[in-house]
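Only one structure is covered here, and it is reproduced in the block below.
The values are calculated or read from the model by the stated rules, or taken from the named source; none is laboratory data. Quick caveat: nothing in here was measured; it's all calculated off a predicted structure. We place every Cβ from the backbone using ideal geometry, glycine too, and count neighbours over all the protein chains shown.
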Amino acid sequence: MRRTPLEAFHLRYLCVTDLSAQVWCEQQAVYHKEKPSVQLPEKTTIVLNTGKSIHLARELQDHNLVPIKTRSREDGWAIKMINILLTITNLRKGQRVRECPVFGVIEGVFVFGIIDQLNYTAKGELQLNELKTRESAYMPVPAQKKRDRFQVSLYKHLFDAMVQGCLTQDIFIHHLHLKPKQSLGQEIQEHAQKAGFMVQCFEDLLELVLLNLTHSDIPAIDSLQIEYIHQKTNTLLGTEVITYNHDELMSMSHYFLAYWKGQRDPNGVDIEDTWKCSYCVFADVCDWRRQRADSLIQKGREKTT
Ligand code: SF4
């Protein structure tokens, strides 16, 4: 039997950004997994690194980064769990939080992401604020906005499900194959203790997170916005307020997940979006692009005969 892409790429879960990349070009998202050694142009790498630095500078406004050694996969996920507990604590106090992990299962696939920022507005509503940095000094084109809208909508869906108590222990064991009884590393235990949580094994932490989420009075996210920042001048280019459309999100997620579950082949861009190919690092090797070009040549020949 043919392996699904999830199996072929040895993926136990997908990131929100894996799915949002499909909004731009699914074929490109797949090539990034298939050909990880393909070098991004130097300019793209500089833009990505500058974006990371701006995100980091924002994060450091709220808290210091603590380097922690991990010894097992459970330790790695334990750090995310502790961050969720800290998020719950800080949101309960009405404080702003940054880099909040979110996860859940959509159509049988575990999906993980990190929300840039959550804060309460003057009206007391919980707002998600996503930061996007841009090399260009103008707002993104509609195709980029569509990808970003999908990304923040998916964050909201996952976060809301978490605070509504939809996560179960079984999800982490079944999808991620984590061992509940795995002892946590010394540094992880100490980090948890400093944050006010006594835990010894992964299951202790998992139970604590699920208990806190289930009994938290944290509301669902009320509003979504994306800030676009110009990298060079660090100035705000504009803010997009996103209207959450649950049906559209679920329909797009269903379509994208169908590829990962092996229910269909990947698609490249539509004919009206072929301009994206001129910015694509895989343009020279892209089968989708070649097939499109071949079929156009064939159609031209048919017209002239
Ligand atoms: Fe997608 Fe075009 Fe790149 Fe192919 S060349 S992966 S269709 S953007």
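Does region 237-257 include one or more residues that are among the hydrophobic types (A, V, I, L, M, F, W, C), assigned by the TED database to the domain that holds PRO180 and within 16 Å of the ligand (Cβ to nearest atom)? Yes, region 237-257 contains at least one residue that is among the hydrophobic types (A, V, I, L, M, F, W, C), assigned by the TED database to the domain that holds PRO180 and within 16 Å of the ligand (Cβ to nearest atom). Condition check: closer than 26 Å to TYR155 by Cβ, touching a Ser or Thr at 6+ places or on another chain (Cβ under 8 Å) and assigned to a loop (DSSP other than H, G, I, E, B). Does TYR244 satisfy that? Spelling it out, TYR244 is indeed closer than 26 Å to TYR155 by Cβ, touching a Ser or Thr at 6+ places or on another chain (Cβ under 8 Å) and assigned to a loop (DSSP other than H, G, I, E, B). Suppose the filter is touching a residue at least 12 places away in the same chain (Cβ under 8 Å) and among the β-branched types (Val, Ile, Thr); does THR304 pass it? No; evaluated as a whole, the condition is false for this residue. Out of the residues in region 278-288 meeting the condition of being touching a residue at least 60 places away in the same chain (Cβ under 8 Å) and under 25 Å from PRO142 (Cβ atoms), tell me which one is surrounded by the fewest Cβ atoms within 10 Å (Cβ to Cβ). Residue satisfying both the conditions and the ranking: VAL281.
Just one of LEU11, LEU60, LEU48, LEU56 is more than 16 Å from the ligand (Cβ to nearest atom), of a type outside the set (Val, Ile, Thr), modelled with pLDDT of 95 or more and assigned by the TED database to the domain that holds PRO142; which is it?
From the options LEU11, LEU60, LEU48, LEU56, the qualifying one is LEU11.
Taking region 140-195, which residues are in a helix (DSSP H, G or I) and among the charged types (D, E, K, R)? Let's see the steps before the verdict.
Initial filter on region 140-195 (in a helix (DSSP H, G or I)): 142-163, 169-176, 186-194.
Correct list: LYS145, LYS146, ARG147, ASP148, ARG149, LYS156, ASP160, ASP170, GLU187, GLU190, LYS194.
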